[in-house]
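J.: To start, I am sharing the structure in question, which I have written as structure tokens.
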Amino acid sequence: MISCEKAAIICNKAQYKEATVFEKLTLKIHILLCNACAAHAKNNAALTSLCNKANLKALTDKDKTKMKEKLEEQV
């Protein structure tokens, strides 16, 4: 069985769709046996769902560069 630390890493990778099939399988087995990690995975899924519903947007690198240039011009 994997450690809780490894399970948390895989859980985070799965959240961003970066976990392999084998990692997801080992995580599911671990979650069946560990209540603490099951709760962590549930909370992680809820957080992901809320972030997706919030429709958060980040600035592009181009927009960040423009903003930085404008700020430097004001100094």
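J.: For the peptides 53-59, 43-49, what is the packing order when you average, over each peptide's residues, the other Cβ atoms within 10 Å and list the highest mean first?
T.: Per-residue mean Cβ counts within 10 Å order the peptides as 43-49, 53-59.
J.: How tilted is helix 35-54 with respect to the longest principal axis of the chain? Cα atoms for both, answer in degrees (0 to 90, nearest 10).
T.: The angle comes out near 30 degrees.
J.: Taking the C-alpha atoms of the chain, how large are the radius of gyration and the largest Cα-Cα span, Dmax, in Å?
T.: For the chain, the Cα-based Rg and Dmax read 18.6, 58 Å.
J.: Mind checking the angle between helix 4-15 and the chain's longest principal axis? C-alpha axes, 0 to 90 degrees, to the nearest 10.
T.: 50 degrees
J.: Follow-up question, since we're still on this one. Restricting to Cα pairs below 8 Å that are 6+ residues apart, what does the relative contact order work out to for segment 4-74? Please round to a whole percent.
T.: Computed value for segment 4-74: 29 percent relative contact order.
J.: Between SER3 and GLU72, what is the spin-label point distance in nm, taking each point 7 Å from the Cα along the Cα→C-beta axis?
T.: 4.4 nm
J.: Also, I was wondering about something else. Looking at the chain, which GluC sites (Glu not before Pro) are in a loop (DSSP not H, G, I, E or B) and have at most 12 other Cβ atoms within 10 Å?
T.: GLU18
J.: Okay, moving on. With runs of 4+ DSSP H residues as the only contributors, calculate the mean residue ellipticity of the chain at 222 nm using -39,500 (n - 2.57) per run, divided by the residue total and rounded to the nearest 500.
T.: -25500 deg cm²/dmol
J.: Relative to the present Cα-Cα distance, how much length would full extension add between LYS53 and LEU33 at 0.36 nm per residue of separation?
T.: 4.1 nm
We did not get these values from a lab; they are worked out from the coordinates using the rules stated. The structure presented is a predicted model; accordingly, all values stated were derived computationally and were not measured. All Cβ positions, glycine included, derive from the backbone under ideal geometry; neighbour counts span all protein chains shown.
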